[in-house]
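As structure tokens, the structure follows; a few thoughts come after it.
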Amino acid sequence: MLAVMYGLFGLIIGSFVNVVVLRSGVLSLSGKSGCMSCGAKIKWYDLIPVLSWLALRGRCRACGSRISVQYPAVELGTGVSFALIGGASLPPLATLLGLLICSVLIAIAVYDLRHTIIPDAWVWSFNALALISIFLPESSLTAFSSQTAFDTIAGPIVAAPLFVLWLVSRGKWIGLGDSKLALGIGWLLGSLAGIKAVLLAFILGAIIGLALIFFSSALWNRIVKQFIQHHSWHMSGAGITMKSEIPFGPFLIAACLFVWISQIYHIPIPFLWQ
Ligand SMILES: [Zn+2]
């Protein structure tokens, strides 16, 4: 029951995250919500997380232009994360800090997906909150052994390999922002789990990166044409190639949330764990 309440709260925070990501550096947050295409003011009943998007089938009520699947996806992702973190019966202060960290991480992931850059202010906010989590009294945020002042080196330990990759590749393989992000991941999860989260992010990134390259490649086009005879059909989408820049931040954050939540619930992860 508690998890459901936190989940509903997360849906609302998720739609706020959408607004923050969309308007950061563009408009003030107090501006009225309007359609990106026609500027029509959005009615209150079209602002209900997830449900409104489903009811409108992802289209603006006024002009019918597409509304990105990002909106319900972020709302749902935040809702589920809030339900899992809030429902874990952590100490109140740890829950509050956990939900804050979760919101900032999701905002960073979405911003990185849209702009392939991680805002400094946001990543350092996450890092500061993660550093504070080490010094929480009672059981720590991860409900996993007692973290001590010694764990402040976990951040640099987890960030160092990514920093070296950034340095060696002169920013071509990963961004400096990814290394900054790993600093907070180390502080949040501890060095061992932090490194596991980074490894998991590389695995996720490789699988999804290759899938994106494959599905938008000429080879894939030819395979699809064997099956689909529509002449009007043609490949839409980003057209991702090896040279395309796929942001690493969302993978780091997905892996961090996954490892973090399994730590909270003491669920061992096969292969990566133990
Ligand atoms: Zn519209």
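No lab work stands behind these numbers, since they all come straight from the coordinates. Since this is a predicted model, take the numbers as computed values, not measurements. Cβ atoms come from the backbone with ideal geometry, glycine included; neighbour counts cover every protein chain shown.
Descriptive notes on the structure:
- Integer Hz, Karplus 6.51/-1.76/1.60 couplings in order for region 3-20, x for Gly and Pro: 4, 5, 5, 5, x, 5, 4, x, 4, 5, 4, x, 6, 5, 4, 3, 5, 4
- Proximal charge balance of residue 66 [Cβ under 13 Å; K/R count +1, D/E count -1]: +3
- The H on the amide N of residue 59, modeled in the peptide plane, is under 5 Å from the matching H of 67, each at least 5 residues off or on a different chain.
- Euclidean distance of C-alpha centroids, region 195-222 and region 38-90, integer Å: 27 Å
- For the peptides 125-136, 103-114, residues were scored by their other Cβ atoms within 10 Å and the scores averaged per peptide; the highest-first order is 103-114, 125-136.
- Computed on region 148-194, the Cα convex hull volume stands at 52 Å³ per residue.
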